[in-house]
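Colleague: My structure is below; once you've seen it, I'll send some questions.
The values are calculated or read from the model by the stated rules, or taken from the named source; none is laboratory data. Because the structure is a prediction, the values reported are computed rather than measured. Note that each Cβ is placed from the backbone with ideal geometry, even for glycine, and that neighbours are counted across all protein chains shown.
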């Protein structure tokens, strides 16, 4: 059974802690049995959000025994993170743990030296401060989360849910992650990045056509869609579509389409016996060679290897192969 530990220190926001608790802290034997072993690690007397006391027998030193360590947002990004927390997170990573931060928890990872030379993200309001305070970190303020293997970072607290679901998807496949998302009544994979939340809010879907266009495009992924096709469907010029699409999703129409095609291919690899050629056709990639190239670049493994891993997981009742 994989273990997940969340690091709690005095005054951290409740939302970031709740995200990891909701995803990892509830047993789901019908999906994966056993589920994750979940622990909350905190110094004695720690308060969450200034209202709730974290009563737990596990201290920060116990983080080193976990397979995955989650660091929620800091109480205040302007303050240096607690030295005890920084040391414990560094020790956990040195012991082989996968370490993930939610929101300004990235400041803890950076202080521990885990983000040096890596691409990382945090809440867009604090991205500049993170880059100034830790110049060796490549800060990307536009994405919802970044997976750099053994170190992962996410944007604001709500993006912590996206990151936690991503880790479930990595561990157990898209089918399990989708089921967890449905139970939490959240999207299993949100398109775009933080750009849609910065400064100006996303325009209302009433009349802008983007929301309807996204649904239409997902229903037609098997077709070789172009920007011109999307623009015609949205009754816009290609230039106007690109501008509005970027404002609404934080990415380009073609990059968004590619992400959706890869995501759909992952589901088909897990849940069908279709060949890679057939899946390439169903997701609009045109050929198995094209699917393999983009899939490998995006997921990090070939489609056949991905299928062997996650079909084996499904046959074994959710246990990693």
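Colleague: Let me spell it out: the conditions are (1) surrounded by fewer than 17 Cβ atoms within 10 Å (Cβ to Cβ); (2) touching a residue at least 40 places away in the same chain (Cβ under 8 Å), and residue 272 meets all of them except one. Which number is the exception?
Modeller: (2)
Colleague: Take the stretch 145-186 and flag every residue that is out of contact with any helix residue (DSSP H, G or I) (no Cβ under 9 Å at 6 or more places or on another chain) and within 18 Å of residue 96 (Cα to Cα).
Modeller: 148, 149
Colleague: While we're here: Given the structure, is residue 116 touching a strand residue (DSSP E or B) at 6+ places or on another chain (Cβ under 8 Å), surrounded by fewer than 19 Cβ atoms within 10 Å (Cβ to Cβ) and at pLDDT 90 or above?
Modeller: So residue 116 fails the test.
Per-residue answers, yes or no, for (1) touching a strand residue (DSSP E or B) at 6+ places or on another chain (Cβ under 6 Å); (2) more than 20 Å from residue 169 (Cβ to Cβ); (3) at pLDDT 90 or above:
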site	(1), (2), (3)
261	no, no, yes
266	no, no, no
278	no, yes, yes
298	no, no, no
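Colleague: Filter the strands (runs of 3 or more DSSP E) completely within the stretch 96-159 down to those with at least 2 residues that are within 21 Å of residue 78 (Cβ to Cβ) and in the same structural domain as residue 60 (by TED's automatic domain parsing).
Modeller: The qualifying strands (runs of 3 or more DSSP E) are 151-154.
Colleague: Let me ask something else about it. Take the residues in the stretch 180-206 that are at pLDDT 85 or above and surrounded by fewer than 18 Cβ atoms within 10 Å (Cβ to Cβ); name whichever of them is farthest from residue 142 (Cα to Cα).
Modeller: Looking at the filtered set, the residue picked out is 183.
Colleague: Going through 214, 221 one at a time, which residue ends up being assigned to a loop (DSSP other than H, G, I, E, B) and either surrounded by 14 or more Cβ atoms within 10 Å (Cβ to Cβ) or modelled with pLDDT of 65 or more (or both)?
Modeller: Of the residues listed, the single one that is assigned to a loop (DSSP other than H, G, I, E, B) and either surrounded by 14 or more Cβ atoms within 10 Å (Cβ to Cβ) or modelled with pLDDT of 65 or more (or both) is 221.
Colleague: Right, another one. Taking the condition surrounded by 23 or more Cβ atoms within 10 Å (Cβ to Cβ), free of Cβ contacts under 8 Å to residues at least 24 places away in the same chain, at negative phi and assigned to a helix (DSSP H, G or I), does residue 177 pass?
Modeller: Judged against the criteria, residue 177 is a match.
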